[in-house]
Every structure is written in structure tokens, then in C-alpha cells.
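> Could you have a look at this structure, given as C-alpha cells, before my questions?
The values are calculated or read from the model by the stated rules, or taken from the named source; none is laboratory data. For clarity, every value in this text was computed on a predicted model and none was experimentally measured. Glycine gets a Cβ as well: all are built from the backbone with ideal geometry, and neighbour counts include every protein chain shown.
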Amino acid sequence: MKKRTTKIINTTKILLLIAAVVCLQKVNIVSANDKLSNENLNKTIDLTAMAVKLNEIQMADILYPLDTFTGDLTGYGAHCKLCSGYLGCTGQYVGDGTTTYNDEVYGNVRIVASSKNLPCGSVIKFDAGYISDEPIFAIVLDRGVLGNDIDLLVPSEEYAIKHVGRHKITYDVLRFGWKRDAK
């Protein structure tokens, strides 16, 4: 009889152990379902975080265009009929033949005049194979044109007529104003 009681107790222990394992598995199944729904939430958060990070990376890339415009490219000399020889944005004198500006971020860039569509200090990039084989980087330091047109500062009016003329171009804005912010 003692053997039988011990056998019943041992069997009961095993059954209780099996019941406990089954209960724990059911608890884990609930946790797994919760995790699945939370995982979906985390994926949404991760996509948002990824979009924010991608935007940060793009803003850090100084060559990533913030916007693109199409307009006419013309040239002008510092001594044109309506020009004073001084830049409208900085007051710098360019009548001495200066056609470039040393920007702390973009280095040595060409000087252009723009309308107020582009704030002073804006940096643009455009291709003009008839002027240069390389893309031209320029900074807006002067005013006096309309709309999306760009006027490239060159050594003289004769040079402007002979080498620049008037051409339709598409240009990328790499910086709006003096800070790289989206418009």
C-alpha cells in the first residue's frame, strides 16, 4: 500500500509539473502575441526614426540639393551700365575683377546675382558646358534679376556677351541663405 501511495504521489507530482509547463507555455503564447503587436509598433517607430535620420544625413551632405529651379543664365561685369561695382548683399567691391568668393563650407565659388527668390548667401550648382567642363558652384551675393534667372559675375561685359550669352539652365539650390536649411 505504501508503494501504491508513493506511486500516486509521484504521478500527481508529474501531472502537476506537466500542468505547470502547459500553463507557462500559454503565458508565453500570450507574451508572444503581445510582442507581435508591439513589434509592429516598433517597426512604425523605426521607420519614423529612419526617416528623421535620413533627413539628417541629407542635410549634412552639402552637395544634396534642397530644391531645383529653371531660369535663364546670363553674365554681367562689375562695370555694367547699371552696376556700381559693389555687391548688393555684402557691399564688397568687385570692380577690381573679383568674380569668386571663398565660402567657409563650399570653398572658392563663383558669384551670381539673383532675385529675392534666393536669399543672400544661397549656394547653387549648375552645369554650363559652354563655360566650364565641371559643374559651377556659385553663391548669391548680388541682386538685380527677376524670377528664377541667374546672372553670373564675369570679368567684363564683353566677356559676358562672348562667353556666357543667355541660356536656359536648371540649377540645384544647395543652401538657402547662409545656413543649410530647407526653404
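> Out of curiosity, is residue 123 within 30 Å of residue 60 (Cβ to Cβ) and among the aliphatic types (A, V, I, L, M)?
Working: within 30 Å of residue 60 (Cβ to Cβ): yes; among the aliphatic types (A, V, I, L, M): yes.
When the stated conditions are applied, residue 123 passes them.
> Residues that are out of contact with any His (no Cβ under 6 Å at 6 or more places or on another chain), on the phi > 0 side of the Ramachandran plot, assigned by TED's automatic domain parsing to the domain that holds residue 77 and surrounded by 15 or more Cβ atoms within 10 Å (Cβ to Cβ): does the range 116-124 have at least one? Even if it seems obvious, please write down each step before you answer.
Looking only at the range 116-124, we keep the residues that are out of contact with any His (no Cβ under 6 Å at 6 or more places or on another chain), and these are 116-124.
Narrowing further to those that are on the phi > 0 side of the Ramachandran plot: 121.
Filter once more, so that each one left must be assigned by TED's automatic domain parsing to the domain that holds residue 77: 121.
Then drop every residue that is not surrounded by 15 or more Cβ atoms within 10 Å (Cβ to Cβ), which leaves 121.
Looking through the range 116-124, at least one residue is out of contact with any His (no Cβ under 6 Å at 6 or more places or on another chain), on the phi > 0 side of the Ramachandran plot, assigned by TED's automatic domain parsing to the domain that holds residue 77 and surrounded by 15 or more Cβ atoms within 10 Å (Cβ to Cβ).
> Among the residues of the range 16-37, are any modelled with pLDDT of 70 or more, surrounded by 10 or more Cβ atoms within 10 Å (Cβ to Cβ) and over 35 Å from the mean Cα position of the chain (by Cα)? Steps first, answer last, please.
Our first condition is that a residue be modelled with pLDDT of 70 or more; within the range 16-37, this holds for none.
Scanning the range 16-37, I find no residue that is modelled with pLDDT of 70 or more, surrounded by 10 or more Cβ atoms within 10 Å (Cβ to Cβ) and over 35 Å from the mean Cα position of the chain (by Cα), so the answer is no.
> Those residues that are of a type in the set (Phe, Trp, Tyr) and either under 27 Å from residue 62 (Cα atoms) or surrounded by 13 or more Cβ atoms within 10 Å (Cβ to Cβ) (or both), I need them from the range 75-106; list them, please.
Going residue by residue through the range 75-106, those that are of a type in the set (Phe, Trp, Tyr) are 76, 86, 93, 101, 106.
Hits for the range 75-106 are 76, 86, 101, 106.
> Please verify whether residue 84 is touching a residue at least 24 places away in the same chain (Cβ under 8 Å), over 20 Å from residue 162 (Cβ atoms) and of a type in the set (S, T, N, Q), treating the condition exactly as stated.
Working: touching a residue at least 24 places away in the same chain (Cβ under 8 Å): no; over 20 Å from residue 162 (Cβ atoms): yes; of a type in the set (S, T, N, Q): yes.
No, not satisfied.
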